[in-house]
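Reviewing the structure listed below.
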Amino acid sequence: MEYEAVDGGKKAQKATLGVQGLEHLQSAEELAAEDLLFTVNAQGFKGPALDASHSRPRILAIGDSCTFGSLLDRSSYPRVMERAFLEQHQLRVEVVNGGVEGYAPRHSLTQLHRYVALEPEWTLIYLGWNALFRPEEQLGPMRQLAMLRFLQKVRDNLARMIYGRHKLAMESMSRPKQSEPDSVEVRRYANHFTPTFADDFEELASAMQTAGSRVVVLTLPGLYASDVPMTER
């Protein structure tokens, strides 16, 4: 399956930000409408066809949208890794992009049989962000924040009814962002929080190790920490 540079469906849906993103991508990368953004191989993974001979070391990248990457496949980190190994170490490796937008550890566990069948020498696991925003994570000391988010959602829904979704979305995008790394919420919750999906994550990592793959855990730096000054980067 192939995906080209222009998606008329987004314009039909009036998905303004999605259209702007595609137009920016086209302009920045000098893409024509018929240029290929990415392919989905026969095994259902984003990227080129797998090497049936498994002649190169295989790395499986399990994750969510951070792993799936942007629409332009060559910019996703699995493709960047392949180029880096070749350019910096003269080593040809095959990196399988197992990222699925919106995935949490429990979703990846349902795909375990597919991951094991790839027989990767290395497995990268980069998961957890989506799970943090799901109701099952709003437990224990997070309940107060859950109630606050619920009230904010009610307020936002009322605002959408009054002003319209499109106008509010565009205003939100242009509004200056502020951070409060030393807020009560960060000091009380974020710095002392063990996510409920930790067991799913550990089960996934253990299963890949048992299958003979060496596992590496990846994550972004913390978005909020009370002892580290925030920067734009």
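Yes/no per residue for (1) among the hydrophobic types (A, V, I, L, M, F, W, C); (2) outside any strand (DSSP E or B); (3) under 17 Å from the mean Cα position of the chain (by Cα):
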{"position": "HIS54", "(1), (2), (3)": "no, yes, no"}
{"position": "SER70", "(1), (2), (3)": "no, yes, yes"}
{"position": "MET81", "(1), (2), (3)": "yes, yes, yes"}
{"position": "PHE85", "(1), (2), (3)": "yes, yes, no"}
{"position": "GLN88", "(1), (2), (3)": "no, yes, no"}
{"position": "TYR103", "(1), (2), (3)": "no, yes, yes"}
Response to the item:
Counting only residues in region 109-136 that are in a strand (DSSP E or B) and touching a helix residue (DSSP H, G or I) at 6+ places or on another chain (Cβ under 7 Å), the one surrounded by the fewest Cβ atoms within 10 Å (Cβ to Cβ) is identified as TYR126
Worksheet item: Say we look at region 85-108 and pick out the residues that are loosely packed, with under 14 Cβ neighbours inside 10 Å and free of Cβ contacts under 8 Å to residues at least 12 places away in the same chain; which of these is nearest to ASN41 (Cα to Cα)?
Response: LEU86
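So that you can scan it fast, the table gives a plain yes or no per residue for (1) more than 30 Å from SER172 (Cα to Cα); (2) at pLDDT 95 or above:
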residue	(1), (2)
HIS24	no, no
ALA28	no, no
ASP51	yes, yes
CYS66	no, no
MET81	yes, yes
ARG106	yes, no
LEU127	no, no
Discussion item. Among the numbered criteria (1) surrounded by 11 or more Cβ atoms within 10 Å (Cβ to Cβ); (2) modelled with pLDDT of 95 or more, which one does THR196 miss?
Written reply: (2)
Discussion item. So, in region 35-75, exactly how many residues are surrounded by fewer than 19 Cβ atoms within 10 Å (Cβ to Cβ) and either in contact with a His (Cβ under 6 Å, 6 or more places away or on another chain) or on the phi > 0 side of the Ramachandran plot (or both)?
Written reply: 2
Discussion item. Can you say whether ARG175 is at pLDDT below 75 and open to solvent by 100 Å² or more (accessible area, probe 1.4 Å), as far as the supplied structure shows?
Written reply: no
Discussion item. Whether any residue in region 70-93 is of a type in the set (Val, Ile, Thr) and farther than 21 Å from GLU29 by Cβ is what I want to check.
Written reply: yes
Worksheet item: In the set VAL116, VAL80, which member is of a type in the set (Val, Ile, Thr) and touching a residue at least 24 places away in the same chain (Cβ under 8 Å)?
Response: VAL116
Response to the item:
Checked region 11-61 for anything free of Cβ contacts under 8 Å to residues at least 40 places away in the same chain, among the polar types (S, T, N, Q) and closer than 17 Å to SER76 by Cβ; matches are THR39, ASN41
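The values are calculated or read from the model by the stated rules, or taken from the named source; none is laboratory data. Please read all numbers here as calculations on a predicted model, not as lab measurements. Every residue, glycine as well, gets a Cβ built from its backbone with ideal geometry; the counts of neighbours run over all protein chains shown. Keep in mind that these areas ignore ligands, DNA and RNA; they rest on the heavy atoms of the full protein, side chains included. Shrake-Rupley method; radii C 1.70, N 1.55, O 1.52, S 1.80 Å.
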